[in-house]
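Asker: Sharing a structure here in structure tokens format.
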Amino acid sequence: MAKIVECVPNFSEGRRPEVIDEICKAITSVEGVVLLDKEMDPDHNRAVVTFVSHPDNIVEAAFRGYQKASELIDMTAHKGEHPRMGACDVCPFIPISDISIEDTIELANKLGKRVGEELNIPVYLYEDAATSSGRKNLATIRKGEYEGIRDSIETDKSRKPDYGPSKMNLKSGSTAIGVRFPLVAFNVYLDTNKKWIADNIADAIRSIKGGYRYVKALGFEIKERNQVQISMNLVNYTKTPIFRVFETIKSEANRYGVNVTSSEVVGLVPNDALVDVSDFYLRLENFSKEQILEEKLKGAEIGGSAGDSFYDEVASSSPAPGGGSVSASAGALASALSAMVCRLTVNKKQYADVKNELSEIRDKCDQLRSELTTLIETDKEAFNNVMAAFKTKDDRQIEEANKNASLVPLTVMQKSLEVLKMAEIVANKGNENSVTDAGVAALMAIAAIEGAGYNVKINLKSLADKQFVDKLKKESNSIIKEGKEIANRVEERVESQL
């Protein structure tokens, strides 16, 4: 299954749909991001947005959401029932498939650094990303809300953010960014408008008051319904399931002579959480999740795997994707391997002196991998544009299309040379147990450089602009020369360790 990360930013705006629409538009402007859900609550004056993406794109998408929220939401004028401390109040990442908690924490730190430095918003890391045990609980970080943090952040050392200034951004507030298990946002309504009853029941079930360990709960008055609500975050539905909390609320409500009228799930809910509820209330015997049709279909091997599609395209009779795309793919793999060795190094005590340097290289390699992956398709498109130009029989269009078809593989060469330079540092300073991985990264990078070089040269053959031809030949030859020198040094380094 592909790597997938979920992100669920909560924005302090629940009354202006046009604002949340603009924020969602900013988030989904990043390629590969899929918006799953958005929900607004006017009483809480809060919106919950849910989107998923490959890890390479998730930080940029979340940052664009923060950026747009900081433009459109003014915390100095914000009022609402729900506790809040910023325009984007909280932004958790949730690892969904084929990604570790550690790698997801890395994403939280990347986002925190950007939000703090580029938007001047104080950032606190929480839950699994917390830098201290005292910051794991969101409620502890958000204590005092916007006003309390605003008044104390400059003088109270315990309020010092993990990223950004130790000064409140008056318009955008502060924010919490974290990593957590998929939670269930679950609300229960009672047939009374007495908020004290909701408060008492919330106290009975929430962890901090001695209730269920994985329940966070507050009571709210929902004036438009003339009812009260118990609003909950079930932070681990496997250990404190929905049905157990619901039954407890019913029992507690009965003590006050009131009834549960309805309940609701805010945002998305994991399938397993609802399967547990069905199993409990239907009293199913010998029931298995495998009996659910959709689950069975999800696990069925229907067609080839997603990873096969590129290889199938290359192997087909179509001339594109061809050598240029394959060269870009080789560069992307070199980036991935270099980043892997960095990750196998930075958290090891014996490599503490290179942690910062290799952390930066890891981030650069991740970015280069993303760019080279995009160039796989870009090269294919450039070839198709050349074919389309030939059909027009317009010499000017053919010349321009061939120029572009030469520039794309040149870009692959340039970026692959950057990767090769990173691979050399990784081979020399990275985890010695992974030195051969760094060596393979260098081999893939030089293959990408030389392969893309072939594509530059063959596309130059039919060009009339000799100045352009000479310039690109000179640059591509220079890259190949430098690349071979680096690749030879890496080979010597690897061989010396074997």
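Asker: In a Debye calculation with equal point scatterers on the alpha-carbon sites of region 174-329 and no solvent, what is log10 I(q)/I(0) at q = 0.11, 0.12, 0.16, 0.19 Å⁻¹?
Answerer: Evaluating at q = 0.11, 0.12, 0.16, 0.19 Å⁻¹ gives log10 I(q)/I(0) of -0.61, -0.67, -0.93, -1.16.
Asker: Could you tell me whether region 123-171 comes out rounded, prolate or oblate from its Cα gyration tensor? Rule is a ≥ b ≥ c as square roots of the eigenvalues, rounded for a/c under 1.5, then prolate if a/b exceeds b/c, otherwise oblate.
Answerer: Details: a/c = 1.86, a/b = 1.56, b/c = 1.19.
In terms of gyration-tensor shape, prolate.
Asker: Keeping every protein chain in place, order H44, H82 by accessible area at 1.4 Å, biggest value first, i.e. largest first.
Answerer: Details: H44 15, H82 35 Å².
Listed by decreasing accessible area, they come as H82, H44.
Asker: On to the next question. For the chain, what is the Kirkwood estimate of the hydrodynamic radius, computed as the reciprocal of the mean inverse distance between distinct Cα atoms, to one decimal in Å?
Answerer: For the chain, the Kirkwood estimate is 25.9 Å.
Asker: In region 368-407, which trypsin sites (Lys or Arg not before Pro) fall in coil by DSSP and have 15 or fewer other Cβ atoms within 10 Å? Numbers along the way, then the final one.
Answerer: Numbers: sites: R369, K380, K391, K393, R396, K403; in loops: K393.
Listed in order of number, the matching sites are K393.
Asker: In this model, which of K25/K79; K3/K216; K415/K484; K113/K421; K160/K216; K38/K143 are farther than 18 Å apart at the alpha-carbon? Intermediate values should be presented prior to the final figure.
Answerer: On the way: K25/K79 24 Å; K3/K216 29 Å; K415/K484 15 Å; K113/K421 25 Å; K160/K216 25 Å; K38/K143 26 Å.
Beyond 18 Å: K25/K79; K3/K216; K113/K421; K160/K216; K38/K143.
Asker: Return an integer: the convex hull volume of the alpha-carbon atoms of region 298-426, in Å³ per residue. Each step should come with its number before you reach the end.
Answerer: Details: hull volume 17.0 nm³, N = 129.
Residue-normalised Cα hull volume stands at 132 Å³.
Asker: Which one of N404, G112, Y237 is farthest out on the positive end of the charge dipole of the chain, using unit charges on Cβ (Lys, Arg +1; Asp, Glu -1) and the Cα centre as origin?
Answerer: So the residue we want is G112.
Asker: To the nearest 10 square angstrom, what accessible area does D353 show with a 1.4 Å probe?
Answerer: Approximately 130 Å² of D353 is accessible to the 1.4 Å probe.
Asker: Per residue of region 85-98, in order, report the coupling 6.51 cos²θ - 1.76 cosθ + 1.60 (Karplus, θ = phi - 60°) as ³J(HN,Hα) in whole Hz, putting x for Gly and Pro.
Answerer: So the Karplus estimates, Gly and Pro as x, are 9, x, 4, 9, 5, 8, 9, x, 9, 10, x, 9, 8, 6 Hz.
Asker: What fraction of the Cα pairs in region 364-415, stated in percent, has a spacing above 17 angstrom?
Answerer: Details: 521 of 1326 pairs.
I get 39 percent for the Cα pairs in region 364-415 exceeding 17 Å.
Asker: Can you work out D for region 150-242 in µm² s⁻¹ from Stokes-Einstein, where Rh is the Kirkwood radius over C-alpha pairs, the temperature is 25 °C and the viscosity is 0.890 mPa s? Don't skip to the end; give the middle numbers.
Answerer: Values: Rh = 15.6 Å.
The estimated diffusion coefficient comes to 157 µm²/s.
Asker: Can you give the three extents of the C-alpha atoms in region 415-479 along their principal axes, from longest to shortest, in whole Å?
Answerer: Principal extents (largest minus smallest coordinate, Cα): 51, 15, 12 Å.
Asker: Size of the dipole of the chain about the Cα centre, Lys and Arg at +1 and Asp and Glu at -1 on the beta carbon, nothing else charged, in debye to 20? All intermediate terms of the calculation are to be shown ahead of the outcome.
Answerer: Working: 65 positive and 75 negative charges, 227 e Å.
Charge dipole of the chain: 1080 debye, to the nearest 20.
Asker: In region 15-121, carbon and sulfur make up what percent of the accessible area (probe 1.4 Å)? Each step should come with its number before you reach the end.
Answerer: Numbers: 2010 of 4230 Å².
Taking all protein chains in place, region 15-121 shows 48 percent carbon and sulfur surface.
Asker: Under 16 Å from the Cα of K355, which lysines turn up, not counting those fewer than eight places away in the same chain?
Answerer: Here the lysines satisfying the reach criterion relative to K355 are K110, K364, K429.
Asker: Could you grab the Rg to Rh ratio for region 38-142? Cα atoms only, Kirkwood for Rh.
Answerer: 0.95
Asker: Continuing with this model, one more query. Show me the ranking of peptides 7-16, 132-141, 242-251 by mean Cβ neighbours inside 10 Å, starting with the highest.
Answerer: Numbers: 7-16: 22.6, 132-141: 15.5, 242-251: 17.6.
Highest to lowest by the protection proxy: 7-16, 242-251, 132-141.
Asker: Return one whole number: the accessible area per residue of region 354-410 in Å², for a 1.4 Å probe.
Answerer: On the way: 3040 Å² over 57 residues.
Each residue of region 354-410 exposes 53 Å² on average to a 1.4 Å probe.
Asker: Tell me the volume per residue, in Å³, of the convex hull enclosing the alpha carbons of region 363-482.
Answerer: In region 363-482, the Cα convex hull volume per residue is 90 Å³.
Asker: Once phi is turned into θ = phi - 60°, what whole-Hz ³J(HN,Hα) does the Karplus curve with 6.51, -1.76 and 1.60 give for every residue of region 433-443, x standing for Gly and Pro?
Answerer: Once rounded to whole Hz, the list reads 5, 10, 4, 5, 5, 5, x, 5, 4, 5, 5.
Asker: Suppose the chain between N488 and D37 were pulled fully straight at 0.36 nm per residue; how much longer would it get relative to their current alpha carbon spacing?
Answerer: The span from N488 to D37 would gain 157.3 nm if fully extended.
Asker: Here's another thing I want to ask about it. Tell me the mean residue ellipticity at 222 nm calculated for the chain from its helices only (DSSP H runs of n ≥ 4, each -39500 (n - 2.57), averaged over every residue, nearest 500).
Answerer: On the way: 15 runs with 263 residues, N = 498.
That comes out to -18000 deg cm²/dmol.
Asker: Here is a follow-up. Decide, for region 83-203, between rounded, prolate and oblate: order the square roots of the alpha carbon gyration tensor eigenvalues as a ≥ b ≥ c, take rounded if a/c falls under 1.5, and otherwise choose prolate if a/b is larger than b/c, else oblate. It would help to have the intermediate numbers written out before the result.
Answerer: On the way: a/c = 2.19, a/b = 1.23, b/c = 1.77.
Cα axes put region 83-203 in the oblate bin.
Asker: What is the distance, in nm, between label points placed 7 Å from the Cα along the Cα-to-Cβ direction at E294 and at T131?
Answerer: The answer from the label model is 4.0 nm.
Asker: Over region 148-191, average the accessible area per residue using a 1.4 Å probe and give it in Å², no decimals.
Answerer: Details: 1880 Å² over 44 residues.
Per residue, region 148-191 has an accessible area of 43 Å².
Asker: Using Cα pairs under 8 angstrom and six or more residues apart, how large is the relative contact order of region 259-376, in percent? Could the numbers behind the result be given before it?
Answerer: Numbers: 60 pairs, mean separation 26.2, N = 118.
The value is 22 percent.
Asker: Right, next: Which is farthest toward the positive dipole end of the chain among V346, F181, A130, measuring Cα position about the Cα centre, with Cβ charges +1 (Lys, Arg) and -1 (Asp, Glu)?
Answerer: A130
Asker: Across region 13-24, in residue order, what do the Karplus-derived ³J(HN,Hα) couplings come to in whole Hz, using 6.51 cos²θ - 1.76 cosθ + 1.60 with θ = phi - 60° and x for Gly and Pro?
Answerer: Those phi angles translate into 7, x, 10, 10, x, 5, 5, 5, 4, 5, 5, 5 Hz.
Asker: In region 424-466, which residues have a backbone nitrogen under 18 Å from the label point lying 7 Å from D353's Cα in the Cα-to-Cβ direction?
Answerer: 425-433
Asker: Give me the percent of DSSP beta bridges within the chain that run antiparallel, rounded to the nearest 5.
Answerer: Working: 42 of 51 bridges.
Looking only at bridges with both residues in the chain, the antiparallel portion is about 80 percent.
Asker: State the answer as a single residue: which of N200, G148, G322 lies farthest towards the positive end of the charge dipole of the chain, with beta carbon charges of +1 for Lys and Arg and -1 for Asp and Glu, about the Cα centre.
Answerer: Of the candidates, G148 comes out farthest on the positive side.
Asker: State, in angstrom, two size descriptors of region 449-498 derived from its alpha carbons: Rg to one decimal place and Dmax to the nearest whole number.
Answerer: Cα only, region 449-498: 14.9, 50 Å (Rg, Dmax).
Asker: So how much slack lies between S158 and S262, counting 0.36 nm per residue of separation and subtracting their Cα-Cα distance, in nm?
Answerer: Numbers: separation 104, 0.36 × 104 = 37.44 nm, distance 4.06 nm.
Gain in length upon complete extension: 33.4 nm.
Asker: Pop out the carbon and sulfur fraction of the accessible area of region 387-460 as a percent, whole number, probe 1.4 Å.
Answerer: Working: 1740 of 3300 Å².
Exposed carbon and sulfur together represent 53 percent of the surface.
Asker: How far apart, in nm, are the 7 Å Cα→Cβ label points at I208 and L284?
Answerer: 3.6 nm
Asker: Oh, and also: With only alpha-carbon atoms counted, please give the Rg and Dmax of region 234-278, in Å.
Answerer: Spelled out, the Cα radius of gyration and Dmax of region 234-278 are 11.8, 33 Å.
The values are calculated or read from the model by the stated rules, or taken from the named source; none is laboratory data. Nothing here was measured: the structure is a model prediction, and the numbers come from that model. Note that we place each Cβ from the backbone using ideal geometry, even for glycine, and neighbour counts take in every protein chain shown. Accessible surface areas use protein heavy atoms only, side chains included; no ligands, DNA or RNA. Shrake-Rupley method; radii C 1.70, N 1.55, O 1.52, S 1.80 Å.
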